[in-house]
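Participant: Submitted below is the structure of interest, expressed as structure tokens.
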Amino acid sequence: GAGVSQSPSNKVTEKGKDVELRCDPISGHTALYWYRQSLGQGLEFLIYFQGNSAPDKSGLPSDRFSAERTGGSVSTLTIQRTQQEDSAVYLCASSFFQGTGELFFGEGSRLTVL
Amino acid sequence: GESVGLHLPTLSVQEGDNSIINCAYSNSASDYFIWYKQESGKGPQFIIDIRSNMDKRQGQRVTVLLNKTVKHLSLQIAATQPGDSAVYFCAENGSGGSNYKLTFGKGTLLTVNP
């Protein structure tokens, strides 16, 4: 596609449920990133993929968070047993390579945990 | 810990005026800095970047200035237009020297009055 696509755009879930957020990066981009943005805050780094491997998972807040990437393309961020503090906008970005800060962001998935 | 921050959380300017958005950073090891623009409901969009071996870089209507002595970064927007209204984030690559694990500031809301 023309840009980074994320789904769902909005997700409302109950505390304790699992959620999956999907990211379709720009075709040909080898690097993929997940960030989290809480209300009125900057972006918080979660995880980075180069191809299908994740050299840096240090930003994942807890072991309830996991992510995978398959075929060097689509990535899924999974949050298990969601908590209210997980409510945020989850942003995915991609780039050709890990060489510049020019990341191309999707519009995000807004997660609300009730 | 070290972090990226902003002097002004909000900035209101008249259309046609020049805008200056400031950012202070405290991580002296950072060698790469980026400005992003985020419009309401959208993902951040790359504006301009600068490496620490430079003190000024110009783009289309935008200029980034870097003062390493006082650890200060600024974004200048010439002839500000209503379409420039957005939240502006500065980001740095931190002590790791990578270009993916960016640390973002909280953002400055720029409002352009017609």
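The values are calculated or read from the model by the stated rules, or taken from the named source; none is laboratory data. Predicted model only: the values in this text are computed from it and were never measured. Glycine gets a Cβ as well: all are built from the backbone with ideal geometry, and neighbour counts include every protein chain shown.
Table: residues versus (1) modelled with pLDDT of 90 or more; (2) within 13 Å of the chain's Cα centre (by Cα); (3) within 13 Å of another protein chain (Cβ to nearest Cβ).
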{"residue": "A:L21", "(1), (2), (3)": "yes, yes, no"}
{"residue": "A:Y35", "(1), (2), (3)": "yes, yes, yes"}
{"residue": "A:Q41", "(1), (2), (3)": "no, no, yes"}
{"residue": "A:E44", "(1), (2), (3)": "yes, yes, yes"}
{"residue": "A:F49", "(1), (2), (3)": "yes, yes, yes"}
{"residue": "A:P61", "(1), (2), (3)": "yes, yes, no"}
{"residue": "A:F65", "(1), (2), (3)": "yes, yes, no"}
{"residue": "A:V74", "(1), (2), (3)": "yes, yes, no"}
{"residue": "A:L77", "(1), (2), (3)": "yes, yes, no"}
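Participant: Shifting gears a bit: What residue, of B:S19, B:S40, is of a type in the set (S, T, Y) and at pLDDT 95 or above?
Facilitator: Every option except B:S19 fails the conditions.
Participant: Take the conditions modelled with pLDDT under 90 and surrounded by fewer than 18 Cβ atoms within 10 Å (Cβ to Cβ) and apply them to B:G83. Does it pass? Walk me through it before giving the result.
Facilitator: Numbers: modelled with pLDDT under 90: no; surrounded by fewer than 18 Cβ atoms within 10 Å (Cβ to Cβ): yes.
Taking the combined requirement at face value, the residue does not satisfy it.
Participant: Further question on the same structure: Kindly establish whether B:S52 is at pLDDT below 95, more than 10 Å from every other protein chain (Cβ to nearest Cβ) and more than 13 Å from the chain's Cα centre (by Cα).
Facilitator: Judged against the criteria, B:S52 is a match.
Participant: A follow-up question, please. Please verify whether A:V12 is more than 18 Å from A:F105 (Cα to Cα), surrounded by 18 or more Cβ atoms within 10 Å (Cβ to Cβ) and either more than 14 Å from chain B (Cβ to nearest Cβ) or touching a Ser or Thr at 6+ places or on another chain (Cβ under 8 Å) (or both), treating the condition exactly as stated.
Facilitator: In short, no.
Participant: Could you check the stretch B:1-91 for strands (runs of 3 or more DSSP E) lying wholly inside it with 1 or more residues that are of a type in the set (K, R), farther than 29 Å from A:S9 by Cα and in contact (Cβ under 8 Å) with a residue 12 or more places away in the chain?
Facilitator: Where strands (runs of 3 or more DSSP E) fall fully within the stretch B:1-91 and carry at least 1 residues being of a type in the set (K, R), farther than 29 Å from A:S9 by Cα and in contact (Cβ under 8 Å) with a residue 12 or more places away in the chain, they are B:45-51.
Participant: Looking at B:F89, is it at pLDDT below 95 and either buried (at least 20 other Cβ atoms within 10 Å of the Cβ) or away from chain A (no Cβ under 14 Å) (or both)?
Facilitator: Taking the combined requirement at face value, the residue satisfies it.
Participant: Filter the stretch A:58-99 down to residues that are exposed (fewer than 14 other Cβ atoms within 10 Å of the Cβ), without any contact (Cβ under 8 Å) to a residue 40 or more places away in the chain and not hydroxyl-bearing (S, T, Y), then give me how many there are.
Facilitator: Looking only at that region, the number is 6.
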